[in-house]
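Chemist: Quick one: this structure, given as structure tokens, is what I'll be asking you about.
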């Protein structure tokens, strides 16, 4: 068993291995100082973005850099803050799209009273999500807020700085650096195991913790949470090979908003398994292992892109082994 890639985002370090665990030569690479050694990030706008630390403070990041704090690696979908001068808050009226879900949030003391096309009282740590009833919302500020945000969507995301106009934050496109046709150095084309540890603060959509794929929607191995309709709060492993044969491993009701998830997924020919939070592994068969050339973190990338959204939260760690570990071992790892 060889642990090829071990990304510990919360501690800002990684352990890429080139030899078996017994007697291996470990090279420690710190994040974000050496993040480019493992991650390729595209997020071209705005010039400054933010991620939260465990103590609630914010760390700023420049374009095309991984947003890593002691909470983990933050990966979010694109959002637009329509409040103006967001870091110098003031009472204001903004134009919204009618009958659309918006989330209003703030940081600091005091509150924001919403009137017009949305109603409610926003405080620090207690955002208001509401479906608008007209095209105008007034936000009346009381107290000493340090930041305010209004965005279309079902939950609050990280702060987006604005001045005299609304600003859109691009989605985080985070991949490991490819080595030739492999997702990263040492990747096995025939078998493997991934342990991913993530935390999602709000359920919404179908959120991929990671996706291994061939750059298309034809061949992939995904893991993450499904929300909505008959699949509310399930956690899945979903694999598809070139012939269209698919394997679904669904941990029904295995996900709760605000819960930390540790999922270990393993694969080789005719032998797939997934264990969630120390639970008994689910198993399935798939005739062939998909061709996998890309590892996407926190979203599904090209694979079934219309079905999956960004995780919109923090990945604590991700570990890859170049062998299909036993069911007993993946259950132990996910605990």
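The values are calculated or read from the model by the stated rules, or taken from the named source; none is laboratory data. Small disclaimer: the values here were computed from a predicted structure and weren't measured. Note that each Cβ is placed from the backbone with ideal geometry, even for glycine, and that neighbours are counted across all protein chains shown.
Chemist: What strands (runs of 3 or more DSSP E) lie completely within segment 94-162 and have 1 or more residues being modelled with pLDDT of 95 or more and within 22 Å of the chain's Cα centre (by Cα)? Spell out how you get there, then give the answer.
Modeler: Working: elements: 101-108, 111-116, 120-122, 128-131, 136-142, 145-152.
Once the strands (runs of 3 or more DSSP E) in segment 94-162 are filtered for at least 1 residues that are modelled with pLDDT of 95 or more and within 22 Å of the chain's Cα centre (by Cα), what remains is 101-108, 128-131, 145-152.
Chemist: Okay, moving on. Across segment 187-211, what is the total count of residues that are over 21 Å from residue 272 (Cβ atoms) and in contact (Cβ under 8 Å) with a residue 60 or more places away in the chain? Spell out the reasoning first.
Modeler: Step one: list which residues in segment 187-211 are over 21 Å from residue 272 (Cβ atoms), which gives 199-205.
With the extra rule that they be in contact (Cβ under 8 Å) with a residue 60 or more places away in the chain, the set shrinks to 199-202, 204-205.
Residues in segment 187-211 being over 21 Å from residue 272 (Cβ atoms) and in contact (Cβ under 8 Å) with a residue 60 or more places away in the chain: 6 in total.
Chemist: Could you tell me which numbered condition residue 65 fails, if it satisfies all but one of (1) over 15 Å from residue 298 (Cβ atoms); (2) free of Cβ contacts under 8 Å to residues at least 40 places away in the same chain?
Modeler: (1)
Chemist: Of (1) touching a strand residue (DSSP E or B) at 6+ places or on another chain (Cβ under 6 Å); (2) exposed (fewer than 15 other Cβ atoms within 10 Å of the Cβ); (3) touching a residue at least 12 places away in the same chain (Cβ under 8 Å), residue 164 satisfies all except one. Which?
Modeler: (1)
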